[in-house]
Amino acid sequence: MHPAPSVIIFSTISGLGFGLMLFLGLGLPDVSGWVAATFATVALGLATIGLLASTFHLGNPKNAIYAFSQWQTSWLSREGIMAVLTLAVFFIYAALWAFMDNRIPMLGYLASAMAMVTVFTTSMIYAQLKTVPRWNTAVTPLLFLLYASAGGALLSNQMTVALVLLGLIIAFQAMAWLQGDTALERSGSSIESATGLGDLGKVRLLEKPHSGENYLLKEMVYVVGRKHAAKLRVLALVLVALLPALLILLTDVNHVIVAIIMLSHIIGLFAQRWLFFAQAEHVVGLYYDAR
Amino acid sequence: MTQLPTSTEKKLGLVIDLDTCVGCHACVISCKGWNTNEYGAPLSDMDAYGGDPSGTFLNRVHTFEAKQEGCASQTIHFPKSCLHCEDAPCVPVCPTGASYKREEDGIVLVNEDKCMGCGLCAWACPYGARELDEMAGVMKKCTLCVDRIYNENLPEEDRIPSCVRTCPAGARHFGDFADPESNVSKLVAERGGMDLMPEQGTKPVNKYLPPRPKADVNGTQAPALEAQSEEITGFLGWLDRTLEKI
Ligand code: SF4
Ligand code: SF4
Ligand code: SF4
């Protein structure tokens, strides 16, 4: 699948924002006044920037308002609705906390839960797709939730929790990659099932429908840069989890270290999300003898 | 509404005969022509006269080769357009309600006045039957020529999809699969019509007829002829016969 920058930015940055809301909703860190306001602004800012980025890949954004209508069947619609509701609830909670010095724990818990539900709805947009066997697994939502909450823990300075979450990320991400590499084969789809011609022997594409590119190839049969995938996987895990974890364990985490941790985590996150798209094989590729 | 109807009155769709298709791409062009002039936004081309042309098509013809060990290969031309699936995965994912499946005849359509061009429905379709038009920014797909099949302004013989009307080989057939007596249902029964990627659980309405078994595809080429020598006469003939005896 095509790793569109707008989608990568959307899902990573908004994930961090909602992850931070998770902890702020729980009253962590224990701050008030302007410090609380700053934390809340960062959370709202990240989530909003991410959501705005997601509109950049729409072909016809003037109809985006209708996207709130189909919550009964569509995960994308559910995500839009959840995101807006979460921003609203969190804004009220944070405003009372920072400016009235009146933190309402119940409202905070609600905002935390809604933030996680929002991340879950985002992940289900991908996990629901049977056409992309690598995504079509319960590990997809699990990883989205882990990445969002680990980022939130780092941003809100909850380093012990962050350590646990980063450890889980290493384990489940490695598992997702290993399983994902055979997902297409295991799905049972092949060029033979796609064409129904398996009875006649081994099938291959003799001629593409057109000599040029098309939307399907650009969007769903993206194979550029896959050859670097193995290296990039190692790099992603080191930057997103291993280096931050080691810095937490081995240093007295001061402001400079926190900045390094965040930088490393975010660059690693971009690499992970790029791989998530670039390595995902859509079954339509079978009609083009590609994967 | 993006909820799929539990059942549809009719199941309109196509039968595509892989035995008959000659790969001429006439259906591709007639589909492009009809749908550029009629339903919704025209099907745009990008860089049409330049070095890297591309464009929106609702119907494309692939060409495959099938080969069994030790046998000659077979060439199969393979037209592909929307299969108007019964369990169409492209419809429920649509956030705007632009995509829908009609209860009366099962045709899957996009309402371009609602589509925001997110592309998710194209991701959900296993067959590559939906393409986002780069110029209009809305999702395009085969309409089963809904603007022809019910169109009383057209002569009756033209009230079938453009691709079906055009095909010079008669490889595309249009009809109602809900009616067991229809032309398409009979073709499917007679010729073993099949689903594409049944494991995806989409229950396609369109069916494909497999190529008929070829008389001699398993014997590879005709056996080589034995070398024949003409009867040799004269001195050389005598020599040949004598040498044979030694
Ligand atoms: S072929 Fe693709 S676009 Fe057409 S109904 Fe099936 S899933 Fe939807
Ligand atoms: S591209 Fe249009 S029709 Fe397809 S899912 Fe998005 S809004 Fe719906
Ligand atoms: S039925 Fe109409 S829209 Fe569909 S492929 Fe044929 S010509 Fe194109």
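Looking for whichever is modelled with pLDDT under 95, out of contact with any helix residue (DSSP H, G or I) (no Cβ under 7 Å at 6 or more places or on another chain), at the interface with chain A (Cβ under 8 Å from one of its Cβ atoms) and farther than 21 Å from A:S190 by Cα here; the options are B:S54, B:S7. Which one fits?
None of the others qualify; the one that does is B:S54.
Is at least one residue of region A:255-273 touching a Ser or Thr at 6+ places or on another chain (Cβ under 8 Å), within 14 Å of another protein chain (Cβ to nearest Cβ) and open to solvent by less than 20 Å² (accessible area, probe 1.4 Å)?
no
Within region B:94-185, considering only strands (runs of 3 or more DSSP E) that don't extend past its boundaries, which have at least 1 residues that are within 14 Å of ligand 3 (Cβ to nearest atom) and open to solvent by less than 20 Å² (accessible area, probe 1.4 Å)?
Answer list for region B:94-185: B:108-110, B:130-132, B:139-141, B:172-176.
Select, from A:T140, A:T131, the only residue that is assigned to a loop (DSSP other than H, G, I, E, B), among the β-branched types (V, I, T) and buried (at least 17 other Cβ atoms within 10 Å of the Cβ).
The match here is A:T131.
Got a sec? Which of A:K208, A:K227 is loosely packed, with under 14 Cβ neighbours inside 10 Å and out of contact with any Asp or Glu (no Cβ under 8 Å at 6 or more places or on another chain)?
Result of the check over A:K208, A:K227: A:K227.
Please identify the pairs in which a residue from region B:147-169 that is of a type outside the set (S, T, Y) has its Cβ atom under 6 Å from the Cβ atom of a residue that is within 16 Å of ligand 2 (Cβ to nearest atom), counting only partners at least 6 apart or on another chain.
Going by the 6 Å Cβ cut-off, the qualifying pairs are B:D147/B:Y39.
Could you list, in sequence order, all residues of region A:18-36 that are open to solvent by less than 60 Å² (accessible area, probe 1.4 Å) and assigned to a helix (DSSP H, G or I)?
A:F18, A:G19, A:L20, A:M21, A:L22, A:F23, A:L24, A:G25, A:G33, A:A36
What is the residue count in region B:61-79 for residues that are at the interface with chain A (Cβ under 8 Å from one of its Cβ atoms) and free of Cβ contacts under 8 Å to residues at least 60 places away in the same chain?
The total comes to 10.
Considering only region B:63-81, I want to know if a residue exists there that is in contact with a Pro (Cβ under 6 Å, 6 or more places away or on another chain) and under 30 Å from A:Y126 (Cα atoms).
Scanning region B:63-81 turns up no residue that is in contact with a Pro (Cβ under 6 Å, 6 or more places away or on another chain) and under 30 Å from A:Y126 (Cα atoms).
For residues that are small (G, A, S) and without any contact (Cβ under 8 Å) to a residue 40 or more places away in the chain, tally how many sit in region A:26-74.
6
Could you grab me the full set of residues in region A:14-33 that are of a type in the set (A, V, I, L, M, F, W, C) and at pLDDT 95 or above?
Selection gives A:L16, A:F18, A:L20, A:M21, A:L22, A:F23, A:L24, A:L26.
Quick check on my filter: what residues within region B:186-200 are within 14 Å of chain A (Cβ to nearest Cβ) and open to solvent by less than 40 Å² (accessible area, probe 1.4 Å)?
Residues satisfying the conditions are B:V188, B:G193, B:M194, B:L196, B:M197, B:Q200.
Taking region B:89-132 on its own, how many of its residues are more than 10 Å from ligand 2 (Cβ to nearest atom), more than 7 Å from chain A (Cβ to nearest Cβ) and either more than 19 Å from the chain's Cα centre (by Cα) or among the hydrophobic types (A, V, I, L, M, F, W, C) (or both)?
Of the residues in region B:89-132, 9 are more than 10 Å from ligand 2 (Cβ to nearest atom), more than 7 Å from chain A (Cβ to nearest Cβ) and either more than 19 Å from the chain's Cα centre (by Cα) or among the hydrophobic types (A, V, I, L, M, F, W, C) (or both).
Which condition does A:T160 not pass, out of (1) out of contact with any Lys or Arg (no Cβ under 6 Å at 6 or more places or on another chain); (2) surrounded by fewer than 18 Cβ atoms within 10 Å (Cβ to Cβ); (3) within 14 Å of chain B (Cβ to nearest Cβ); (4) not hydrophobic (A, V, I, L, M, F, W, C), if it passes all the others?
(3)
Return only the number of the condition from (1) within 12 Å of another protein chain (Cβ to nearest Cβ); (2) outside any loop (DSSP other than H, G, I, E, B); (3) closer than 27 Å to A:K218 by Cβ that B:G23 does not satisfy.
Against the list (1) within 12 Å of another protein chain (Cβ to nearest Cβ); (2) outside any loop (DSSP other than H, G, I, E, B); (3) closer than 27 Å to A:K218 by Cβ, B:G23 comes up short only on (2).
Is it true that B:F78 is modelled with pLDDT of 95 or more, more than 16 Å from ligand 1 (Cβ to nearest atom), touching a Ser or Thr at 6+ places or on another chain (Cβ under 8 Å) and open to solvent by less than 10 Å² (accessible area, probe 1.4 Å)?
No; evaluated as a whole, the condition is false for this residue.
Given the criteria crowded, with 24+ Cβ neighbours inside 10 Å, under 30 Å from A:A290 (Cβ atoms) and among the polar types (S, T, N, Q), does A:S11 qualify?
yes
Return only the number of the condition from (1) in contact (Cβ under 8 Å) with a residue 12 or more places away in the chain; (2) surrounded by fewer than 17 Cβ atoms within 10 Å (Cβ to Cβ); (3) more than 8 Å from every other protein chain (Cβ to nearest Cβ) that B:Y39 does not satisfy.
Here B:Y39 meets the rest and fails (2).
Restricting the first residue to region A:177-197 and requiring it to be within 30 Å of B:P211 (Cβ to Cβ) and surrounded by fewer than 17 Cβ atoms within 10 Å (Cβ to Cβ), which pairs with a second residue that is charged (D, E, K, R) and at pLDDT below 95 meet a Cβ separation below 7 Å and a spacing of at least six or different chains?
So the pair list comes out empty.
The values are calculated or read from the model by the stated rules, or taken from the named source; none is laboratory data. Because the structure is predicted, anything quoted here is derived from the model rather than measured. Glycine also receives a Cβ, built like all others from the backbone with ideal geometry; neighbour counts cover every protein chain displayed. These accessible areas exclude ligands, DNA and RNA; they are computed on the full protein's heavy atoms, side chains included. Shrake-Rupley method; radii C 1.70, N 1.55, O 1.52, S 1.80 Å.
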